[in-house]
Amino acid sequence: MAATYHSIVHKLSGSASARYPASSRVVVPGVDVVRDGREEPFLPSRPTLSSVPAAWGGIVLENYSVPAVLISRHEHPEHFLHLVLRGSVEYQIRTNGRDLRFASRPGTLFLLPRGTVDEINWRGPTQRIAVAVHRRLLTNALDETADADDIELTEHWNLIDRHLSALLLEMTADLEDDSPAGRLYGESLANTLAVYLMNRYAVKRITPVGYKGGLPGYRLKRVLDFINEKLEQDISLSQLAAIAGMKSALLFAAIQAEHRSSSPPVCAAEENRTRQGATV
């Protein structure tokens, strides 16, 4: 997995054009934890599905099917999400001097802020999605968080949230189908996830300012010029945001506004991409 990660990073960095501003995207190498001072995979078994080859910025998603397992004491270096897909089993958590006991069912979620230290004992087999969220995915999502070093999230060990589950399942479906819409779609879902986490689960709630209207003309031209030049490449949301000089969430809202208004330049660009068989 490490070799795949480094080859992906080299490809991404080598394809950047000097004419365009560099994006601040971070590619996370895997869902890792820290044990005894060493960074290693969260689970000993290999994931059945991983977003590492897709190289989404700021997030990595992995799917596991595992038997009953004791996950020894570890620290999460990134914000952590965990969704049970199958398995109604008991699990016991030891964290911060507390012993917690719960019973999982499909839809059970963990949401853990980075720095959380825990040990967890699963009493039966489960299939689960594990997600590591880099802090910069959160801080880069909105203008309101541009100057923040991190966003503190609340801790949850037995959470049911249909919106979070739906986003994680859609990201999983995109990977299962080999990302037919390209990296931009997966990163748009990740950005939506970041905004939702900050709006609902930040210790200090952050509500994004609503965006009205489409992209200003000069920003739209920069974005369209870049898209037309990179038709044969897999474009990321963070690249487009950097070119537009906007945060990812703001750009995403502006693009949606352009679609609603059926802006001729945007429609023309989409038609051009379709003709050339490009995936963006």
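Just a few scattered comments:
- Filtered residue count, the stretch 70-94, keeping only those that are free of Cβ contacts under 8 Å to residues at least 60 places away in the same chain and either surrounded by 18 or more Cβ atoms within 10 Å (Cβ to Cβ) or hydroxyl-bearing (Ser, Thr, Tyr) (or both): 12
- Inclusion of residue 137 among residues that are more than 22 Å from residue 45 (Cα to Cα), of a type in the set (A, V, I, L, M, F, W, C) and modelled with pLDDT under 95 is warranted.
- Note on the stretch 140-164: residues that are modelled with pLDDT under 95, of a type outside the set (Val, Ile, Thr) and either part of a helix (DSSP H, G or I) or in contact with a helix residue (DSSP H, G or I) (Cβ under 8 Å, 6 or more places away or on another chain) (or both) amount to 9.
- Inter-residue pairs, beta-carbon under 6 Å, first surrounded by fewer than 16 Cβ atoms within 10 Å (Cβ to Cβ) and in the stretch 28-41, second in a loop (DSSP other than H, G, I, E, B), 6+ apart: 34/77
- Screening residue 105 with (1) at pLDDT below 95; (2) of a type in the set (Lys, Arg); (3) in a loop (DSSP other than H, G, I, E, B) gives one miss only, at (1).
- For the stretch 165-180, the count of residues that are at pLDDT below 95, of a type outside the set (Asp, Glu), within 23 Å of residue 111 (Cβ to Cβ) and surrounded by 13 or more Cβ atoms within 10 Å (Cβ to Cβ) is zero.
- Residues (closer than 21 Å to residue 151 by Cα and among the acidic types (Asp, Glu)) located in the stretch 69-113: 75, 78
The values are calculated or read from the model by the stated rules, or taken from the named source; none is laboratory data. Since the structure is predicted, the reported quantities are computational estimates derived from the model, not experimental observations. So basically every Cβ, Gly included, is an ideal-geometry build from the backbone, and we count neighbours across all protein chains shown.
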